[in-house]
Amino acid sequence: MTDYSDLVSECDRYNIRLAYNDLDDQVNGFFIYNGNCSTIVLSNRLKDNLPLRNVVLAEELGHYHTLPLN
């Protein structure tokens, strides 16, 4: 499994903003691209579930890498 610090470094490398917010219980995170800025939002609940946090962050990074612009 990839270390959280490696995932955060990847966000930094690609200028992806990483934020935590209160999300619906059924939502662990999401990726937003508005044409100028990429943002990954993770649920605050993931701060206490480190393995799930890493998996969700890696998945959302995958959405960035599969954008048609990349």
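Summary table
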item: Residue that is least open to solvent (accessible area, probe 1.4 Å) [pool: residues in the range 26-50 that are among the aliphatic types (A, V, I, L, M) and more than 12 Å from the chain's Cα centre (by Cα)]; result: 27
item: Among the residues listed as 23, 69, the single one being part of a loop (DSSP other than H, G, I, E, B), aliphatic (A, V, I, L, M) and loosely packed, with under 15 Cβ neighbours inside 10 Å; result: 69
item: Total residues in the range 32-54, condition assigned to a helix (DSSP H, G or I) and free of Cβ contacts under 8 Å to residues at least 40 places away in the same chain; result: 6
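The values are calculated or read from the model by the stated rules, or taken from the named source; none is laboratory data. These numbers come from a predicted model, not from an experiment. Using ideal geometry, Cβ is built from the backbone for each residue, glycine included, and neighbour counts are taken over all protein chains shown. These area figures cover heavy atoms from the full protein model, side chains too; ligands, DNA and RNA do not enter into them. Shrake-Rupley method; radii C 1.70, N 1.55, O 1.52, S 1.80 Å.
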